[in-house]
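One structure below.
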Amino acid sequence: MHILLVVIEFAIVLGFLVLIHELGHFIVAKLCGVRVETFSIGFGPRLVGFHYGDTDYRISILPVGGYVKMAGELGGDGAPLPVRGELALGHAALPATGSPDDLTSKPRWQRVLIAVAGPLSNFLVAFVLLFLVAHYHHEVDQYLTGPAVVDYVPQGTTAASVGISPGDTITRYNRIYNPNWEQILEESALNLNRPIPIAFNHDGETRTGTLTITVPPNTEFGFDDVANVGLIPRMDPGPINVLSVTGGSPAERAGLQAGDQLLAINGLQLHSVPALLFFLKDNKGAADTLGVLRNGQPLTLTATPEKMATPGAGDQYRLGFTYRPPPADIEHLPIGAAVSQSIKDNREGSMLILRVIKGLFTRHVAVNQMMGPVGMAQQIDIATQMGIWPLLNLVSIISLNLGIFNLMPFPLLDGGMILFLIVESIMRRDVNQQFKEVVYQVAFVCIILFAFFVIFNDITKLHLH
């Protein structure tokens, strides 16, 4: 029953995002006077639907994806992929009818608008969802406004050299006395590359020192820049709570399970995953003893971390589990602030996706670490159990992924059609139809092979208990 529920959750989320994507193509096509023959959620044979005007609105048998079939682009019932050009795979290349409401009869700039409308719709959905989250349920981590307690101090950092230890409390940071972590971040941003005097309480004794926060050229200041000098906040007063365990990971091999509480590692109590990652880095991948609390019973497990590619951070030693976020306070941001927060969150999410794509081509991110439909369904299920707001956050991320992926200049994607149209505009003539057909057929095979690989990779990482 739970597997059926996961499938339903996945179908609803993906169906909604595909509906929005294809609705973008549909609306702009109509505005440009293009006749739309089919509006389908899913691929393959028609399951249910209805006809209205010139369009067959349908749900097809394969729910992963969807397409809009416009007059003038080839392909009959069950078109396998959303092709925006002049042919669809599996069908002969037929001559255009020349009807004024055909897609191919429209100026190229209009066809570009039709192609880009789908991804833009996904970006708009991501913006609206994150605006709603910011306006009605903006989470502010409690540790940011509480005492600045240090959770861990990495070896060789400036903080370690001035004598700061785990459990110490920062009592002065520049001109701020008894600062919280939010004030420390603000003061750091205002005093980059300058010595910052600090004071901290260590075992009841006040000590002093100086820290300098530096930021690499052409990068924005962030939490990592403070962490790199050795100030890792205590984000949670309690232990790390395990939300899920990745199949085939060191955590799974060690016997860690969802719902476990990680009390200590090698006898050291840590309260956040960032602190744990720095500890694993200092320990250089050696086997670690985990103190775990499971259903009220203490356990001792042994895990050997492995290096895994992390977007924006390169290879890091990790155990392979997700964790429950630290406690947070809920704010209702005003409309203007919610708009700004949504723009900020979407920009950061988009940059992360682009870094992952870049990492795939530069081999800094392994293809087998990509998440496919099975992994996505698992994450949707976890987010659903956590509540509506985590689910909306996840849906916005998936929508961003869908929009950016479709803009990639690869045949059969919207970006591929845009690229062909740009090339044809420069050449002032259409690209040879037989050449297009070969390109689309090769691209179709590549996409099918890639899809099978990602799904197989998902299945091998399933964590079943």
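Assorted remarks:
- Cβ-placed point charges (K, R +1; D, E -1), dipole of region 229-336 about Cα centre in debye, nearest 20: 220 debye
- Cα gyration tensor shape for region 192-280, rounded if a/c is under 1.5, else prolate or oblate: oblate
- Between Val140 and Leu354, the modelled labels are 3.0 nm apart [label points 7 Å from Cα along Cα→Cβ].
- Electrostatic dipole magnitude of the chain [Cβ: Lys, Arg +1; Asp, Glu -1; Cα centre; debye, to 20]: 820 debye
- Estimated [θ] at 222 nm from DSSP helical runs (n ≥ 4, -39500 (n - 2.57)) normalised by residues in the chain, nearest 500: -14000 deg cm²/dmol
- Modelled FRET efficiency - R0 35 Å, Thr300 with Val7, Cβ distances, 0.05 increments: 0.40
- Hits among aspartates and glutamates - C-alpha to C-alpha of Lys281 under 14 Å, sequence gap 8 or more where chains match: Glu306, Asp315
- Among the trypsin sites (Lys or Arg not before Pro) found in region 322-430, those both in a DSSP coil and sparsely packed, with 13 or fewer other Cβ atoms within 10 Å of their Cβ, are Arg363, Arg428, Arg429.
- Note on Ile61 and Tyr323: their simple-model spin labels are 4.7 nm apart, each label 7 Å out from Cα toward Cβ.
- Apportionment of accessible area to carbon and sulfur, region 177-242, percent (1.4 Å): 45 percent
- In sequence order, calculated HN-Hα J values of region 377-394 (Karplus, 6.51, -1.76, 1.60; Hz; x Gly/Pro): 4, 4, 5, 4, 5, 4, 5, 4, 5, 7, x, 5, 6, x, 5, 4, 4, 5
- Alpha carbon Rg of region 105-205, scaled by the compact-globule rule 2.2 N^0.38 Å: 1.84
- Out-of-range pairs (alpha-carbon distance over 30 Å; input Lys69/Lys344; Lys30/Lys436; Lys106/Lys358; Lys30/Lys344): Lys69/Lys344; Lys106/Lys358; Lys30/Lys344
- Between Phe410 and Leu243, the modelled labels are 2.7 nm apart [label points 7 Å from Cα along Cα→Cβ].
- Here the translational diffusion coefficient of the chain follows from Stokes-Einstein with Rh set to the Kirkwood radius across Cα pairs; for 10 °C and 1.306 mPa s it amounts to 63 µm²/s.
- Summarising the amide proton neighbourhood of Tyr317: residues at separation of 5 or more, or on other chains, whose placed amide H is nearer than 5 Å comprise Met308.
- Accessible surface for the chain, divided over its residues, is 51 Å² per residue with a 1.4 Å probe.
- Heavy-atom accessible surface of region 1-67: percent carbon and sulfur, 1.4 Å: 78 percent
The values are calculated or read from the model by the stated rules, or taken from the named source; none is laboratory data. What you see is a predicted model, and the numbers here were worked out from it, not measured in a lab. Here Cβ is always computed from backbone atoms with ideal geometry, including for glycine, and neighbour counts include all displayed protein chains. The protein model used for the area step is the full one, side chains on, heavy atoms only, and it has no ligands, DNA or RNA in it. Shrake-Rupley method; radii C 1.70, N 1.55, O 1.52, S 1.80 Å.
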